[in-house]
Amino acid sequence: MNKSRTTEIAFFMALTLAMLVLVSGVAGAQSAQIQGVINGRSGATMTVQTQDSGNVVVVLNDFTSVEDVSGLFHARKKQMGMTVLVPGLQVQVQGDYNAQNQLVANTIKFNGKNLQTATDIQAGVTPVEQQEQAQKAQQAKQEAQIKKEQAAMTQQQRDMAAAQAKIAANQAAIAAVNKRFGELADYNIWAEVTVLFGNDQVAVDPQYDAKLLALCKKATTVTGYVIQVKGYASAVGSAALNQKLSQERAANVTDFLDQQCHIPLTNVLAPGAMGTSKQVAADNTVEGQAENRRVVVRVLQNKGIAGT
């Protein structure tokens, strides 16, 4: 073999080796992807409970895209704000791991139905549709049991007692599930402000500006803080109207935190529309109704960060 041929072969082998190294480097740079349930929010980070890797710390930043993917084959996509990332929401996260083994999120996807369930759990409100279905199923089961045991009164009474015990057990199980979801984010309360509203009013009265600004200033001194906003209504009027009023009141206070206090939305939990739940005063007086038309704003810190 002459010297020129040897040189050509050596060049070809070196070029092939370089291409293999380049392809290997590109493969190694592929982004990681996880699926799981959000079980904690702390400022610009959150933790996701996965089946394979346990708890994974996910970092959020200004370049993180949050998408609601719904429909067949996820055909419909909707860009969402980071406030929808609440504990209990099932998500798919794609990104790259940093030096601290944290997953820096490029894209976070979720299904809108799962968001509704997680939001209802976070706000402490059982979804009406789910509650109605559970009641209908339980009622059908009881009626079938009664018809089956009509021939023997004694047996019927025993079966009814068993059914009632089962209902109690189901209610206890539901309460346990709600309690478990409620404890997904275990926080200390650092500051709290209650904003009151006039009848059928949703705009934030300027008299609360100073209090909200002071609360926001306090929040910035707390490491890893998050702000929780829950809206309420008095029991006067229809349930649908009161639910809408509580939602708009909470949303307007959240807008104030964003626009006037300049609180990053990564530090604000999704506003909770509580409707007429947790009334603080009797609704049979004008004074009591006024106390129930409110939004409660709290500065929270995860007890894991506080060391308690």
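Could you check the range 291-308 and list, in sequence order, the residues that are under 14 Å from V229 (Cβ atoms) and free of Cβ contacts under 8 Å to residues at least 40 places away in the same chain?
If the condition is that a residue be under 14 Å from V229 (Cβ atoms) and free of Cβ contacts under 8 Å to residues at least 40 places away in the same chain, then no residue fits.
Need the failing condition index for V125 against (1) assigned to a loop (DSSP other than H, G, I, E, B); (2) modelled with pLDDT of 80 or more; (3) crowded, with 17+ Cβ neighbours inside 10 Å, just the number.
The failed condition is (2).
The conditions are (1) within 22 Å of the chain's Cα centre (by Cα); (2) surrounded by 15 or more Cβ atoms within 10 Å (Cβ to Cβ), and A235 fails exactly one of them. Which is it?
Condition not satisfied by A235: (1).
Mind checking which residues of the range 183-234 are at positive phi and in contact with a Ser or Thr (Cβ under 7 Å, 6 or more places away or on another chain)?
G224
Tell me, yes or no, whether the range 267-276 has at least one residue that is over 19 Å from V84 (Cβ atoms), in the same structural domain as N199 (by TED's automatic domain parsing) and modelled with pLDDT under 90. Give the steps one after another, and end with the answer.
So in the range 267-276, the residues over 19 Å from V84 (Cβ atoms) come out as 275-276.
Keeping just the survivors that are in the same structural domain as N199 (by TED's automatic domain parsing) gives 275-276.
Remaining after also requiring modelled with pLDDT under 90: 275-276.
Yes; the residues of the range 267-276 include at least one that is over 19 Å from V84 (Cβ atoms), in the same structural domain as N199 (by TED's automatic domain parsing) and modelled with pLDDT under 90.
Looking at A235, A214, A203 in this structure, which one is assigned to a helix (DSSP H, G or I) and assigned by TED's automatic domain parsing to the domain that holds N302?
A214
Give the residue, chosen from T221, T194, T254, that is in a loop (DSSP other than H, G, I, E, B) and at pLDDT 90 or above.
After ruling out the rest, the residue left standing is T221.
Just checking, which of K179, K166 is over 28 Å from A235 (Cβ atoms), modelled with pLDDT under 90, out of contact with any helix residue (DSSP H, G or I) (no Cβ under 7 Å at 6 or more places or on another chain) and not in a loop (DSSP other than H, G, I, E, B)?
Going through K179, K166 in turn, the sole match is K166.
Please verify whether the range 283-290 includes one or more residues that are assigned to a strand (DSSP E or B) and not β-branched (V, I, T).
no
Limited to the range 234-290, what total is found for residues that are in contact with a helix residue (DSSP H, G or I) (Cβ under 6 Å, 6 or more places away or on another chain), over 23 Å from L212 (Cβ atoms) and without any contact (Cβ under 8 Å) to a residue 40 or more places away in the chain?
1
Of L245, L257, L215, which residue is buried (at least 17 other Cβ atoms within 10 Å of the Cβ) and farther than 30 Å from V57 by Cα?
Just a single option satisfies the conditions, and that option is L245.
When residues of the range 37-58 are filtered for being within 12 Å of G224 (Cβ to Cβ) and in a loop (DSSP other than H, G, I, E, B), how many remain?
Final tally of qualifying residues: 2.
The values are calculated or read from the model by the stated rules, or taken from the named source; none is laboratory data. What you are looking at is a predicted structure, and each value in this text was computed from that prediction instead of being measured. FYI the Cβ positions are ideal-geometry reconstructions off the backbone, even for glycines, and counts take in every protein chain you see.
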